[in-house]
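Reading through the structure tokens given below for one structure.
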Amino acid sequence: MKVIRWTIITIAIVFMLLLGIAAPAAFIGLAVFLVGLYLNNQYRKYKINFKRSGWIMAAGFVLSIFLATADSDATETVNEPEKKQIVTDQDEAGKAEEEKLAEEKAKEEEAKKQAEEQAQLEAEQVEKQKQEEAEKQKQEQDQNQAAESLGLELVTVGRVVDGDTIETSDGRKVRLIGVNTPESTTRVEEYGKEASQFTTSELSGKKIWMQKDVSDTDRYGRLLRIVWVDIPTDDMDENEIREKMFNAHLVLNGYAEPSTYNPDVKYSEYFREFGREAREANKGLWALGDEGTTKGDLDFAAASSSSSSSGNASGSGSNDSSGTASSTGSSTESYQNCTELRKVYPSGVPSTHPAYDSKHDRDKDNYACER
């Protein structure tokens, strides 16, 4: 019996200790239990003190359970806001995490979209470049065909000799057909430097298209050519000549006079028309005088017109036959020397002129009695 009694007491004490650990208020019941146990032992041993110590022990056991339960409820009650706060914090943390994940997903989708747009843009650019290259190749083919049909040769200007003479990058000298700019090399005429500077600024280092008329070279071995700065669709269209032919630019801007030498006369009428326009507008070399500053077609026409007027005036008192004879005589245009020739043609005459005689062309430049 004694063993059983102490076993029960030990179990009760251990139980109350566990309750006290879980809920510290339960230790009060344990203390009451131990006081009852002490009184019970005193009573059993000495038969003194309180006789109902067992009730104290029972009360301590029950009190321990009660206090443990009450403390647990109180703890739960006290911790309820904390639990709610924890739950709230957890919910907020969960929402924040969800928002973060949603934001990251949105960023990923945006990055993916941007990557797709970039890829599409690059593909479009590549396609556009291919189309541009194809168009460029087609244009080049069309230009080559047009150039070939018009007999144009593409060259690069290496240097400019003077206003009407250039040199290609491969060393060939080219004399521009149908125009004559004032001299600026071996001798200098008025407005020669300006003409040379204009040609230099317009052609030096540039790609041009050269066109042959009839003659290939002159007696100096220079190529005789028309120079185009762009390929014309129709090389006899006046608008295209004005816009794309450099020879015409020289005359239109007053840097050269029209100067025709047979048999290269394809554009001579255009050049004379352009020369008259420039002279009427007093452009360039024409601002320095009605005869310009060098020899050219308009000078000869003016001199011839003047000579014809003089002949008509002197023959006004003669009969018709003498007038006819005079006209016939003047058509032969034969002069003994340059002094006689200059009385009629002060600037001399080119080889295409009826008054030209090789014996008057001392420097053999196809121009007789020039000053």
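The values are calculated or read from the model by the stated rules, or taken from the named source; none is laboratory data. Everything numeric in this text was worked out from a predicted model, so none of it was measured. Note that we place each Cβ from the backbone using ideal geometry, even for glycine, and neighbour counts take in every protein chain shown. SASA here: full protein model, heavy atoms, side chains in, ligands and nucleic acids out. Shrake-Rupley method; radii C 1.70, N 1.55, O 1.52, S 1.80 Å.
From the Cα gyration tensor of region 196-287, with a ≥ b ≥ c the square roots of its eigenvalues, which class applies: rounded if a/c is under 1.5, or else prolate if a/b is larger than b/c, or else oblate? Because its axes are fairly even, with a/c under 1.5, region 196-287 counts as rounded. Among W228, P24, N239, which residue has its Cα positioned farthest towards the positive end of the charge dipole of the chain, with +1 placed on the Cβ of Lys and Arg, -1 on the Cβ of Asp and Glu, and the dipole taken about the Cα centre? Farthest towards the positive pole: P24.
The dipole here belongs to the chain: it is taken about the Cα centre, uses +1 on the Cβ of Lys and Arg and -1 on the Cβ of Asp and Glu, and is about 3780 debye.
Rounded to the nearest 5, the antiparallel percentage of DSSP beta bridges internal to the chain is 90%. Note on surface exposure: F61, F271, F198 rank F61, F198, F271 by accessible area, highest first, 1.4 Å probe. Mind pulling the angle between the C-alpha long axis of helix 26-46 and the longest principal axis of the chain? Nearest 10 degrees, somewhere in 0 to 90. Around 20 degrees separate the two axes. Per-residue accessible area for S351 at 1.4 Å probe radius, Å² rounded to 10? Approximately 50 Å² for this residue. With the helix formula -39500 (n - 2.57) applied to DSSP H stretches of n ≥ 4, the chain reaches a computed 222 nm mean residue ellipticity of -20500 deg cm²/dmol. Taking amide H positions as modeled 1.01 Å from N, with prolines and chain starts lacking one, the residues under 5 Å from T217 and 5 or more places away or on another chain are L224. Karplus-derived 3J(HN,Hα) values for region 213-218, using 6.51 cos²θ - 1.76 cosθ + 1.60 with θ = phi - 60°, are 8, 10, 6, 8, 9, 9 Hz; glycine and proline are entered as x. Our coupling estimate for region 243-258, obtained by passing each phi through the Karplus curve with A = 6.51, B = -1.76, C = 1.60 and θ = phi - 60°, is 8, 10, 9, 6, 3, 5, 4, 4, 6, 4, 9, x, 9, 8, 9, x Hz, Gly and Pro reported as x. Local charge for K212 was computed over the other residues whose Cβ lies under 13 Å away, with Lys and Arg +1 and Asp and Glu -1, and equals -1.
What shape does the chain have by the C-alpha gyration tensor, where a ≥ b ≥ c are the square roots of the eigenvalues, rounded means a/c under 1.5, and otherwise prolate means a/b greater than b/c and oblate the rest? Because a/c hits 1.5 or more and a/b exceeds b/c, the chain counts as prolate.
For Y267, Y191, the ranking by accessible surface with the largest value first comes to Y191, Y267, using a 1.4 Å probe.
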